[in-house]
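The values are calculated or read from the model by the stated rules, or taken from the named source; none is laboratory data. Being a predicted model, the structure only gives us computed values, none of them experimental. Every residue, glycine as well, gets a Cβ built from its backbone with ideal geometry; the counts of neighbours run over all protein chains shown. Remember, those area values only see protein heavy atoms, side chains included, never the ligands or the DNA or RNA. Shrake-Rupley method; radii C 1.70, N 1.55, O 1.52, S 1.80 Å.
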Amino acid sequence: MQTKRTIFPSKLLPYILLAPQLAVTLIFFIWPALQAVKSSFEREDPFGFRTTFIWFDNYRRIFADPNYLSSLGRTAIFAISVTLLSMAISLLLAVAVNRLLRSGKVYTTLLVWPYAVAPVVVGILWWFIFNPSIGLAPYILRGLGISWNHRIDGNQAMILIIIAAAWKQISYNFLFFVAGLQSVPQSLNEAAAIDGAGPFKRFWTIIFPLISPTTFFLLIININYAMFDTFGIVDATTSGGPAQATNILVYKVYTDGVLNLNIGSSAAQSVILMLIVIALTIVQFRFVERRVQY
Amino acid sequence: MATISLIDLMKSYGDIPAVKGVNLDVADGELIVLVGPSGCGKSTLLRMVAGLETVTSGSIEIGGRNVVKAEPAERDIAMVFQNYALYPHMTVRGNLEYGLKNRGTPREEINRRVREAADILEIGALLDRKPRQLSGGQRQRVAMGRAIVREPAAFLFDEPLSNLDAKLRVQMRVEIRKLQRRLKTTSLYVTHDQLEAMTLADRLVVMNSGLVEQIGTPTEVYDRPATLFVAGFIGSPPMNLIPVSSLSGNEVSAGLPSGTDIVGIRPDAFVLEQPAEPSLALEASVELLEPIGGESHLHVRLNSSGQSIVLSVPGRPEIAEVSDIVVHARLADLHPFSAQTGRRADNP
Ligand SMILES: Nc1ncnc2c1ncn2[C@@H]1O[C@H](COP(=O)(O)OP(=O)(O)OP(=O)(O)O)[C@@H](O)[C@H]1O
Ligand SMILES: [Mg+2]
């Protein structure tokens, strides 16, 4: 196969063309990341006059801190719940739309809207819906005999941010699932129907295995999202409360660093998060290339 | 083992009719080939029999049982798809076993049938491969295998050979024919390749725009095409259809049934020397001589009307292009048609 090559008149031009993008990446991503790594090895005095290099003290302290460990556990619960909930719902929707076939265009567009909404707005939206004094959901739940107050009940607060975070991600997952389902030839489904498999069996034995690359990709993307991209939602709905119940890692980085001004610890926490992202990404590429193919 | 009957079978997509009332009785163990041009409704018909397409009106009986409302799984049929539709994530064995497992066939029985099918189709060595590791011909065999392990009442084939190269197609065609003879399973076979149709069929069903034009054995259809469409569709090169008006100088009208205004003459019915039997003679000029091995196709233009016709003559005749010749055809070899009804004029 021939690759298309563009010949530039001068050697410099390609670099000049790349420069703006590279500059943005450097200034807003690489440089802050390096700063975080640097800060994670330092301690700053309360007034910010003096910083001392303290090797892995910050890390050691983090892993000895019961607050951090319980936040880690909550993050795991949160990430897994968000991922499963949003993937399950979007798969259900995608299957429904796929049945309606190509006429599902309008429907598809509508379902994509949540993805265009900023996380904070999502948070506020759900904060309204579940607001214990003015919200619609608590009103309905009260009718069912459930008293809803996520400002007091940590579990309810967790459920709230899980719903809000999952809701936002559904549209994204949905799109990928629809694309995945559309790529499964209809004749396979028909062959399986003739082979005596009912709709459920067909789905689990034929279609689901065939969209497993999509599913795996989304699994990683969703875990990533739940762990690192949900700051806005938490901030707008529960602000990590009540009593740390929803203080997931990404939010804790913020509270420790910006609110409690413990820069060293916050930086170390963000470096750990960064390592988790990198690990997940590596796993994803390894797996998508190897295992999940047929 | 079963008969299949289609009774006034119709299918419309919205306002557009695809199958416009088909009646067909398939005998037990018979291989029926549905043939016709693209878009004539062959696949639609087959898919209705399979239960993959709903029926607009009419009924389908398999083994005497009306199956119009039955799910595909309940019809006891197996289908071979054009793209084979093998399950890509399962091994060949998995593909063969899937339908049996779904029906709760006992393990020993599954093993026996898979072994048998693998022997018949010579795919025993491929059982642990995935479909992507097979060649087109091997996939085709596996698709056949998946149908025969089921031991269904009927096989349905939708252009199963059209993804193979020409040589393999001929080979598989012969194998399908042998296999079907051996298993004696009632079969419906869709193709648009008339050679495939002629060689495979016990009986041919020639379809055109949603309607059946003719049903008959390949010889019947070839020797006595019932309509102008069949005359032009079956046979290669196709039958020459010549208006009676351009047969000037021949005393044929008397011998032709009333209402005949078109005569059909097969390319191989023409001879270059006047035969002993009563015949007609046409003056023409040679346009092109195509030698194709054992015979040659001679393209000539009739002097009377300017119509181009094709003759198929044995060997490689020494005829100069752009020369004038006279071609002859025995009156017994003429097919009389009525242009108005589009049908044979000598049918009762
Ligand atoms: N799902 C559908 N919706 C609307 N029209 C359809 C649909 N499927 C088939 N048709 C129409 O019905 C007619 C018959 O189609 P069918 O697929 O049976 O043709 P075919 O004889 O199998 O042709 P080919 O040899 O090209 O496969 C065509 O005019 C086609 O456009
Ligand atoms: Mg077709």
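What the table shows:
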{"quantity": "Residue match in the stretch B:63-73 (condition: within 15 Å of ligand 1 (Cβ to nearest atom), at pLDDT below 95 and open to solvent by less than 40 Å² (accessible area, probe 1.4 Å))", "calculated": "no"}
{"quantity": "Wholly within the stretch B:161-221, strands (runs of 3 or more DSSP E) carrying at least 1 residues that are open to solvent by 10 Å² or more (accessible area, probe 1.4 Å) and at pLDDT 90 or above", "calculated": "B:203-208, B:211-216"}
{"quantity": "In the stretch B:169-202, the residues that are farther than 20 Å from B:ILE120 by Cβ, small (Gly, Ala, Ser) and more than 16 Å from ligand 1 (Cβ to nearest atom)", "calculated": "B:ALA201"}
{"quantity": "Residue check, B:ALA73 within 16 Å of ligand 2 (Cβ to nearest atom), outside any strand (DSSP E or B) and touching a helix residue (DSSP H, G or I) at 6+ places or on another chain (Cβ under 7 Å)", "calculated": "no"}
{"quantity": "Residue check, B:LEU46 within 12 Å of ligand 1 (Cβ to nearest atom) and away from every other protein chain (no Cβ under 13 Å)", "calculated": "no"}
{"quantity": "Residue satisfying condition, being more than 18 Å from A:ILE211 (Cα to Cα) and among the aliphatic types (A, V, I, L, M), within set A:ILE140, A:ILE170", "calculated": "A:ILE140"}
{"quantity": "Condition met for B:VAL286 (surrounded by 14 or more Cβ atoms within 10 Å (Cβ to Cβ), within 23 Å of B:ARG224 (Cα to Cα) and under 33 Å from the mean Cα position of the chain (by Cα))", "calculated": "no"}
{"quantity": "Check on A:ALA191, surrounded by 15 or more Cβ atoms within 10 Å (Cβ to Cβ), assigned to a helix (DSSP H, G or I) and touching a strand residue (DSSP E or B) at 6+ places or on another chain (Cβ under 9 Å)", "calculated": "yes"}
{"quantity": "Some residue of the stretch B:52-67 being under 25 Å from B:PRO152 (Cα atoms), within 16 Å of ligand 2 (Cβ to nearest atom) and within 14 Å of chain A (Cβ to nearest Cβ)", "calculated": "yes"}
{"quantity": "The stretch A:179-204, residues that are over 13 Å from B:ALA73 (Cα atoms), within 9 Å of another protein chain (Cβ to nearest Cβ) and under 31 Å from the mean Cα position of the chain (by Cα)", "calculated": "A:PRO185"}
{"quantity": "Breaking point among (1) open to solvent by 100 Å² or more (accessible area, probe 1.4 Å); (2) at pLDDT below 75, for A:PHE29", "calculated": "(2)"}
{"quantity": "Scan of the stretch B:92-109 for residues that are more than 7 Å from every other protein chain (Cβ to nearest Cβ) and open to solvent by 40 Å² or more (accessible area, probe 1.4 Å), ordered by number", "calculated": "B:ARG93, B:LYS101, B:GLY104, B:PRO106, B:ARG107, B:GLU108, B:GLU109"}
{"quantity": "Residues that are farther than 16 Å from B:ALA78 by Cβ, within 16 Å of ligand 1 (Cβ to nearest atom) and either in a strand (DSSP E or B) or more than 18 Å from the chain's Cα centre (by Cα) (or both), drawn from the stretch B:16-43", "calculated": "B:ILE16, B:PRO17, B:ALA18, B:VAL19, B:LYS20, B:GLY21, B:VAL22, B:LEU24, B:VAL33, B:LEU34, B:VAL35"}
